[in-house]
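Trainee: Have a look at the structure that comes next, please.
The values are calculated or read from the model by the stated rules, or taken from the named source; none is laboratory data. Just so we're clear, the structure is a prediction, and the values are computed from it rather than from any experiment. Using ideal geometry, Cβ is built from the backbone for each residue, glycine included, and neighbour counts are taken over all protein chains shown.
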Amino acid sequence: MDLLGHVNNVTYLDYLAQARTAFLADLRAGDGRVTGHRIDFVAPLVFGRRPALVDTSVSDVDGAVLTLTHVVRDDAPSGSVTHLRAESTLELHSAPDHDLRARLEDLRDEPLAWREVRGERRPGRHRLALPVRGSDVGADGLVRDDAVVELFQESRILYFMDLHERGQDWGRVVVARTDVGLLAPVRPRAAAYDVHAWVAHVGEKSFTVRSELRDPLVADGAAGAVLATALVVLVGFDLDTQRPVALTAQQRERLEAELA
């Protein structure tokens with residue numbers, strides 16, 4: 001749970017991983033490397049007695065590249081509530097054979113519609129060196145996709161701490177959208193990786209932060225310098241109404257200064 005009493009954003013990646021593993025196991029499709037996520041946080045999920053449900057379908061099959069759609073929902077007595085919509089892309093170890101492809105096609109559904117997120121690439125305004133922890137590494141010996149998302153989250157939290165001082169009316173914000181691209185495997189090592197982050201867009205109720213996970217041992221612009229990217233939309237949030245609100249004046253002033 002986070003400080004607002006909601007399920008932490010990274011925890012949803014655990015839900016998706018469990019659903020993805022079970023889905024592939026049922027199909028005997030083998031495993032693969034996750035190369036990207038698009039996640040739309042629709043409504044906060046809070047602690048409760050009912051289990052969260054994850055619906056999984058196929059949205060695309062292109063050679064060995066498989067794209068899955070996930071919907072996390074809660075079947076409340078008053079009706080089903082959608083908390084999250086996600087699209088995950090993974091590279092299977094081998095392209096599906098004829099029989100497996102036919103089974104995947106039977107599970108195909110219409111792909112989700114996604115709005116374009118504004119946010120230009122620019123030099124990072126915040127840099128944080130983060131080591132890979134033993135708990136970040138999966139069974140394949142590589143850093144898991146959810147651990148990469150957590151590295152981005154840790155960097156973003158410290159970035160926000162640097163943007164305002166104690167006592168300022170900074171207001172609460174929640175993540176509304178996360179797009180993550182896993183460009184290359186992140187391998188465990190003693191040397192830390194760098195996360196560069198910057199404010200890429202500021203709106204009335206929301207703003208966008210872009211981040212890159214970089215290998216400081218590789219020259220900028222060279223292959224392998226950028227291992228992962230993140231594009232995160234955050235919105236102002238009212239804890240009493242549990243609804244989005246306009247950014248505070250101090251938030252907007254400080255965020256717009258980052259665009260300069």
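Residues are listed down the side, and each one gets a yes or a no for (1) outside the structural domain of Ala184 (by TED's automatic domain parsing); (2) farther than 27 Å from Thr229 by Cβ; (3) in contact (Cβ under 8 Å) with a residue 24 or more places away in the chain:
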residue	(1), (2), (3)
Phe47	yes, yes, yes
Arg50	yes, yes, yes
Asp62	yes, no, no
Leu92	yes, no, yes
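Trainee: For the range 218-228, does any single residue satisfy the condition of being under 19 Å from Ser155 (Cα atoms) and either charged (D, E, K, R) or surrounded by fewer than 20 Cβ atoms within 10 Å (Cβ to Cβ) (or both)?
Mentor: Scanning the range 218-228, I find at least one residue that is under 19 Å from Ser155 (Cα atoms) and either charged (D, E, K, R) or surrounded by fewer than 20 Cβ atoms within 10 Å (Cβ to Cβ) (or both), so the answer is yes.
Quick grid of which residues meet (1) assigned by TED's automatic domain parsing to the domain that holds Leu24; (2) small (Gly, Ala, Ser); (3) in contact (Cβ under 8 Å) with a residue 12 or more places away in the chain:
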{"position": "Pro111", "(1), (2), (3)": "no, no, yes"}
{"position": "Arg121", "(1), (2), (3)": "no, no, yes"}
{"position": "Ala147", "(1), (2), (3)": "no, yes, yes"}
{"position": "Phe152", "(1), (2), (3)": "no, no, yes"}
{"position": "Ser155", "(1), (2), (3)": "no, yes, yes"}
{"position": "Met161", "(1), (2), (3)": "no, no, no"}
{"position": "Val195", "(1), (2), (3)": "no, no, yes"}
{"position": "Arg210", "(1), (2), (3)": "no, no, yes"}
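Trainee: Does His83 fit the bill of being part of a strand (DSSP E or B), within 30 Å of Ala190 (Cα to Cα), not assigned by TED's automatic domain parsing to the domain that holds Phe207 and not β-branched (Val, Ile, Thr)?
Mentor: So His83 fails the test.
Trainee: Identify, please: which residue in the range 20-43 is farther than 24 Å from Gly181 by Cα and touching a residue at least 24 places away in the same chain (Cβ under 8 Å) and is, among those, surrounded by the fewest Cβ atoms within 10 Å (Cβ to Cβ)?
Mentor: Arg28
Trainee: Considering only residues of the range 184-214 that are touching a strand residue (DSSP E or B) at 6+ places or on another chain (Cβ under 6 Å) and part of a loop (DSSP other than H, G, I, E, B), which is farthest from Val232 (Cα to Cα)?
Mentor: Pro188
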